[in-house]
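Report on the following structure.
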């Protein structure tokens, strides 16, 4: 799959988010990279990465904040999906939602709890 096609699927996942989340997302950039660097992955197979300050910890002041960044990694998603287009689409949606949850201050532990 080309990177452009993959980016279209990520954009589609963002467009299809529930309105309540889209309305409350602020100051977030979503990008696509092929693979995480070794120092970021640290031996893990990362599908996505949230970098920023969760909204739940923002101060009430008017301080300027750099945009949060969500990176979706094409290579690991394609590897896990084994080229199956439906699996790729589903994994992109799950990964986008997972990383956006971090923007709203939801931890990995809490996400696992919610899945149960």
Could you grab me the full set of residues in region 37-53 that are out of contact with any strand residue (DSSP E or B) (no Cβ under 9 Å at 6 or more places or on another chain) and at pLDDT 95 or above? none
Go through (1) at pLDDT 95 or above; (2) within 17 Å of residue 98 (Cα to Cα) for residue 26 and report which single condition fails. (1)
Of all residues being surrounded by fewer than 13 Cβ atoms within 10 Å (Cβ to Cβ) and without any contact (Cβ under 8 Å) to a residue 40 or more places away in the chain in region 37-60, which is farthest from residue 99 (Cα to Cα)? Just the residue, please. 60
Out of (1) at pLDDT 95 or above; (2) within 13 Å of the chain's Cα centre (by Cα), what's the single condition that is false for residue 80? (2)
Residues in region 8-36 that are touching a strand residue (DSSP E or B) at 6+ places or on another chain (Cβ under 9 Å), over 19 Å from residue 66 (Cβ atoms) and without any contact (Cβ under 8 Å) to a residue 40 or more places away in the chain: how many? 1
Scanning region 104-116 residue by residue, the ones that are part of a loop (DSSP other than H, G, I, E, B) and either out of contact with any helix residue (DSSP H, G or I) (no Cβ under 6 Å at 6 or more places or on another chain) or under 14 Å from residue 7 (Cβ atoms) (or both) total 3
Can you tell me which residues in region 19-54 are over 19 Å from residue 76 (Cβ atoms) and under 15 Å from the mean Cα position of the chain (by Cα)? 21, 22, 25, 26, 27, 28, 29, 52, 53, 54
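A quick yes/no check of all residues on (1) assigned to a helix (DSSP H, G or I); (2) in contact with a helix residue (DSSP H, G or I) (Cβ under 6 Å, 6 or more places away or on another chain); (3) surrounded by 14 or more Cβ atoms within 10 Å (Cβ to Cβ):
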{"site": "83", "(1), (2), (3)": "no, no, no"}
{"site": "92", "(1), (2), (3)": "yes, yes, yes"}
{"site": "97", "(1), (2), (3)": "yes, no, yes"}
{"site": "102", "(1), (2), (3)": "yes, no, yes"}
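The values are calculated or read from the model by the stated rules, or taken from the named source; none is laboratory data. Worth saying up front: this structure is predicted, and the values here are computed from it rather than measured. Counting neighbours? That spans all protein chains shown, and the Cβs are built from the backbone with ideal geometry, glycine included.
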